[in-house]
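For reference, the structure discussed in these notes is given below.
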Amino acid sequence: MTLRRVFAFTLLCSLTSLLANACGSEPDPSTGDAGQAPTPTPTPTPTRDASPAKDASVDDAAAPVDAAKPDVNVADAGDGAAPWPDCLTRPPSAPITAIDAVWTANAAAPTQVWLAGVHVTAVSRGACAAGQACQIYVQEGTSYGSLAEGARKAIKVFASGTVASGFASIAVGDRVDVLGWGWRYNVGGQSEILLQVAPTLPGCMRKIGAATVTPIPKVPLSALTRASYDVYGPLLVQVPAISGKAAVAATETFGLYPTGFDASFPDAGANIVSLSPFFLTGARFTNPPVVPAIVNAFTAVTGVFGTFTPFVEAGAPTTYLELYPRSAADIGR
């Protein structure tokens, strides 16, 4: 997997400037269009941090620790090596583990675990493909009444590009068994509890059934913060009545704010949530439902609440908050 540098930046300007698209910005040359900040109601006093423009081809594509290693055959790890797992049976070395137990363990090093009968809520780019790092969100239940009820019952499974072909058949709605390695992934300045599968961390995912997962209803945008992600994890949610100015490029994220924004909505600062196409087919928005370069008002958006931390060689990275729809049907107008 080839990593391309993503410039993370913050825009600060008044709401009047936002309306005029006059905020100072530092474009990312890799994406062309820098994207625009949310365009709230013209109240001249509050200021808001804008969402950075990000190319969906690298958005949230965490750098695999094995990026320089050769590809592996996921059916057979090679001569003299143990066969690659297929999830038909659970290895004795992998205890059956609940998702919240992985969160609680907060392991500093990868620890092999088995998740039994969890539900796929999102797959990056709509499907995993060989040679391309893939992310799959899973959660234990098919429905939760609130964020608190579903707390830490969802998690990301990260498959390195060298093994991603073994996950190509996995789709949203699948009920699956998962073999992976749980830990606090800390590569390139990142810090997220997840399950990883890589050539040196064998794993698999096998469909054992299907079910419809219902999003947590009527979750306010203000409830989706960096602190709440650490408490609740990447749950499937439905956020009503939100708006945002879409970028020109269909691969770029854009910031969201409550429709009818006024001074009563707190300054989002680092907690601004962006709408991301990364889990849509081809990692791009379609028109409709997202019309480029204008303010889009959505009756509701369903998606997984996740985070994106650009890979950095050194220094402190910035973590961004994302709402990941899975299809055009998730984006209501």
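Each reported figure results from applying straightforward, stated rules to the coordinates on display, with no laboratory input. Worth saying up front: this structure is predicted, and the values here are computed from it rather than measured.
Tabulated data for the structure shown
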item	result
Centre separation in Å (Cα based) which lies between region 159-231 and region 85-147	5 Å
Contour excess over end-to-end distance, with Cα ends at Thr214 and Ile96 and 0.36 nm allotted per residue	40.0 nm
